[in-house]
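The values are calculated or read from the model by the stated rules, or taken from the named source; none is laboratory data. This one's a predicted model, so the numbers in the text were calculated from it and none came from an experiment. Virtual Cβ from ideal backbone geometry, glycine too; neighbours counted across all protein chains shown. Note: accessible area is taken over every heavy atom of the protein model, side chains too, but ligands, DNA and RNA are not part of it. Shrake-Rupley method; radii C 1.70, N 1.55, O 1.52, S 1.80 Å.
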Amino acid sequence: MTVVERSGRALPRVPALAVLSHHLVGYRRTWRAGVFSSFLLPVLTVLGFGVGVGAYVDQGVGGVPYLDWLVPGLIASTAFQVAVAESTWPVLSNFRWIRTYHAQVAAPLRVGDILAGHLAFVLFRVVTSTLAFLLVTALFGALRSPWAVTVPLVSLLLGLAAAAPTFAFAAAVPGDSYLALLFRFAIIPMTLFAGVFFPVESLPGGLRAIAYATPLWHAVDLCRAATLGVAPQWSVTGHLLYLALWAAAGWWLARRVFQRQLVV
């Protein structure tokens, strides 16, 4: 029996678009609250950290006002957290509770289509959150270079580097208590010590090496270089290749775990 006979209509030329459409239809019912928080969070963080804490940092960081120095780190951190949040409980629930993935694989859709479509939705959320943050910070005058227009592209790659391995983790764990551990021992420490709020160079040598190994630091350095109009601490090519490596490895792991969970 063909796909057309089973479903009444053929799948799109790119089947992953059907999966993306499914998530967008669901998001259509909740986007208003998401848009509100996407603008409220940047305002609160810029006022609280950039303006509030920045008032006590008289000399700025490296001669740059603290608000201007902080903003790119906050943008990268927001993209990172959105990517992880959209890749934890939603993925686990699609396996364990509402079992959407099982329905999709019976549609029929291939495992790669299911994974690619959901990842595409996560990246959509990452980019829209990044654009909202950029708009707010531009209104505060914290963007000092036209290269800031490249920040959404960096956030896109960071989002994939964070979301793909998180998909693999969320698909493999038996319950949501493991997701809480992920946030407690990985996501929160990474956010605090990856150069978002203070220079990584102020950390002890061992912790500094760990910070350099995180994908978030590489995105923070790229975003900071773009918004300030300066050269990054590491090479642009090196940063991009490192983030691409995380994304590729995460995709490979997620594909294997999804295949094991969905194909009998």
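Can you pull a Stokes-Einstein diffusion coefficient for the chain at 10 °C (1.306 mPa s), Rh from Kirkwood over Cα pairs, as a whole number of µm²/s? In µm²/s, the coefficient is 82.
If the viscosity is 0.692 mPa s and the temperature 37 °C, what Stokes-Einstein diffusion coefficient in µm²/s follows for region 94-137 when Rh is the Kirkwood radius over Cα pairs? Rounded, D is 273 µm²/s. Rounded to the nearest 20 debye, the dipole size of region 169-264 about its Cα centre is 260 debye, using +1 on the Cβ of Lys and Arg and -1 on the Cβ of Asp and Glu.
Here region 160-264 is treated as a Stokes sphere of Kirkwood radius computed over C-alpha pairs; at 37 °C and 0.692 mPa s its diffusion coefficient rounds to 217 µm²/s.
What value, in deg cm²/dmol to 500, does the helix sum -39500 (n - 2.57) over DSSP H runs of n ≥ 4 give at 222 nm once divided by the residues of the chain?
Values: 13 runs with 179 residues, N = 264.
Only helices count here, giving -22000 deg cm²/dmol.
Considering only Phe133, Phe198, Phe185, the Gaussian network model of the chain with Cα springs below 10 Å gives its largest mean-square fluctuation to Phe185.
Which value, in debye to the nearest 20, gives the size of the charge dipole of the chain about its Cα centre, when Lys and Arg are +1 and Asp and Glu are -1 at the Cβ? Working shown, then result.
Values: 17 positive and 8 negative charges, 195 e Å.
For the chain, the charge dipole is close to 940 debye.
On C-alpha positions alone, give me the angle between the axis of helix 236-262 and the longest principal axis of the chain, in degrees, nearest 10. It is inclined by approximately 30 degrees. Amide H to amide H distances under 5 Å link Phe140 with no residue, where only residues 5 or more positions off or on other chains count and H is placed in the peptide plane.
At R0 = 45 Å, how high is the FRET efficiency between Ala180 and Arg13 if r is their beta carbon distance? Nearest 0.05 is fine.
Numbers: r = 40 Å, r/R0 = 0.89.
The pair Ala180/Arg13 has a calculated efficiency of 0.65.
Using alpha-carbon pairs under 8 Å, 6+ residues apart, how would you state the relative contact order of the chain in percent?
Numbers: 316 pairs, mean separation 68.9, N = 264.
Reported relative contact order: 26 percent.
Each listed q (0.15 Å⁻¹) maps to a log10 I(q)/I(0) for region 198-243, found by the Debye formula over equal Cα scatterers with no solvent: -0.36.
What's the carbon and sulfur percent of the chain's accessible surface, probe 1.4 angstrom, rounded to a whole number? List each step's numbers first, then the result.
On the way: 8990 of 13150 Å².
That fraction is 68 percent.
Relative to the dominant Cα principal axis of the chain, helix 215-228 is inclined by about 50°. Mean separation of Cα pairs under 8 Å and 6 or more residues apart, divided by the residue count, gives region 161-264 a relative contact order of 48 percent. Here r is the Cβ-Cβ distance between Val230 and Ile188 and R0 is 22 Å; the resulting FRET efficiency, rounded to 0.05, is 0.20. Charge dipole of region 39-171 (Cα centre as origin; +1 on each Lys and Arg Cβ, -1 on each Asp and Glu Cβ, all else neutral): 380 debye, rounded to the nearest 20. Protein heavy-atom accessible surface, 1.4 Å probe, per residue over the chain: 50 Å².
Along the axis of the charge dipole computed for region 26-115 (Cβ charges of +1 for Lys and Arg, -1 for Asp and Glu, origin at the Cα centre), the listed residues Pro72, Thr88, Gly62 are led at the positive end by Thr88.
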